[in-house]
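This report refers to the structure that appears directly beneath it.
The values are calculated or read from the model by the stated rules, or taken from the named source; none is laboratory data. Quick caveat: nothing in here was measured; it's all calculated off a predicted structure.
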Amino acid sequence: MNDLELQLKELILRRYGSLKNFCEIIEMPWTTLDSILKRGISKANISNVLKISHELGIDTESLASGKIVPAAGPDTLAAHFDGDGFTPEEMEEIKKYADYVRSRREE
């Protein structure tokens, strides 16, 4: 298991408690996920990669290129406001608060 797959496994375990729970949610056999984690995400079927990335809220293209990056979507900071009127320090505080709120979801 290389670094990307290890990070992916740790993310799943943090959010879902077990690989089995995650597999039940995305309706994927546990053996398929186990194979993906062992053989590499780049060798996985695209539909399986899409299931995994969609449920975890991570960008599929970034995952395919070896990085775990949150998916852009309506819950991103830019979708709600463009940051005009905030100092760089205030924007940093806003980002930290958003990270805090997301981290509570993972507990």
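Tally time: how many residues in the stretch 1-27 are within 18 Å of Leu63 (Cα to Cα) and not in a helix (DSSP H, G or I)?
2
Please report, ordered by residue number, the helices (runs of 4 or more DSSP H) entirely within the stretch 41-107 with at least 3 residues that are modelled with pLDDT under 80.
77-80, 88-106
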